[in-house]
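Chemist: Below is the structure I would like to discuss, written out as structure tokens.
The values are calculated or read from the model by the stated rules, or taken from the named source; none is laboratory data. Here the structure is a predicted model, which means the values were calculated and not measured. Cβ sites come from the backbone with ideal geometry, for glycine too, and all protein chains shown count toward neighbours.
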Amino acid sequence: MFVIVGLGNPGRDYANTRHNAGYMALDILADRFNIDIARHNFRSVYGEGRIGMEKVVLAKPETFMNNSGFAVRDLVNWYKVPNDHLIVVYDDADIPVGTLRMRAAGSAGTHNGMKSIVYQLGFDDFPRVRVGIGGAAHGMIGHVLGPFTEEEKPLVKQSLADAASALELIVKGEMKEAQARFNHKGKNNPKPEKPSEAAPAKEDGSQKS
């Protein structure tokens, strides 16, 4: 079994924002494999199904981004998956729009949702798929909580579809194939600026960035 988590912020106001790229990629994967993400538990909305021969849980935390770790901790504790059977897909302002990056393990980097996850789980050796949203020209919060531009949308559409394909490959044990196929896409896009660091949120926090 795999638990695949797409990060984002719940609610209509955030549905098409850059910070919800993880939600968007998960929706594409769910559509491909007819998995209904509609059940509520574990501080998430989630669905169960199969990718090939593997049982999977697809989940979107409803805790808001900075508290994603509480939902992921609940999911991991309930389903008792090994570290390498947790996969997280999320937006990344450190890489350009249209670019994907896959890793089998690593630090949280500058992403607040990932910081929360690593902090709550106490480990970082789980696969992740990063969807590039580009750096902010003026203000990181406004950037991640804003929509993609018309010029960005074709790149984003392709990168989200590729992210879903990468998740499928990882579930099938083909991380190296996923990296070979998708890690170098978008390499000619300009280098983005890095977002500011922030400490992990407390459990009763409600910060949405």
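Chemist: Evaluate the range 13-26: report whether one residue or more is in contact with a Ser or Thr (Cβ under 9 Å, 6 or more places away or on another chain) and surrounded by fewer than 21 Cβ atoms within 10 Å (Cβ to Cβ).
Modeler: Looking for residues that are in contact with a Ser or Thr (Cβ under 9 Å, 6 or more places away or on another chain) and surrounded by fewer than 21 Cβ atoms within 10 Å (Cβ to Cβ), one finds none in the range 13-26, hence no.
Chemist: Hey, another quick one. For the range 131-158, enumerate the residues that are in contact with a helix residue (DSSP H, G or I) (Cβ under 8 Å, 6 or more places away or on another chain) and not in a loop (DSSP other than H, G, I, E, B).
Modeler: VAL131, GLY132, HIS143, VAL144, PRO147, VAL156
Chemist: Same structure again: In contact with a Lys or Arg (Cβ under 6 Å, 6 or more places away or on another chain) and either farther than 22 Å from ASN67 by Cβ or at pLDDT 95 or above (or both) - does that describe any residue in the range 174-181?
Modeler: No, every residue in the range 174-181 fails to be in contact with a Lys or Arg (Cβ under 6 Å, 6 or more places away or on another chain) and either farther than 22 Å from ASN67 by Cβ or at pLDDT 95 or above (or both).
Chemist: Next question, about the same structure. So which strands (runs of 3 or more DSSP E) are wholly in the range 1-106 and hold at least 1 residues that are closer than 28 Å to LYS176 by Cα and touching a Leu at 6+ places or on another chain (Cβ under 8 Å)?
Modeler: Ranges flagged: 2-6, 44-51, 54-61, 86-92.
Chemist: Something else: What residue, of VAL5, VAL45, is at pLDDT 95 or above, in contact with a helix residue (DSSP H, G or I) (Cβ under 9 Å, 6 or more places away or on another chain) and not polar (S, T, N, Q)?
Modeler: Exactly one residue qualifies, and that residue is VAL5.
Chemist: Under 6 Å between Cβ atoms, which residue pairs at least 6 apart in sequence (or on different chains) link something in the range 87-112 that is of a type in the set (Val, Ile, Thr) with a partner that is part of a strand (DSSP E or B) and surrounded by fewer than 24 Cβ atoms within 10 Å (Cβ to Cβ)?
Modeler: ILE95/ARG101
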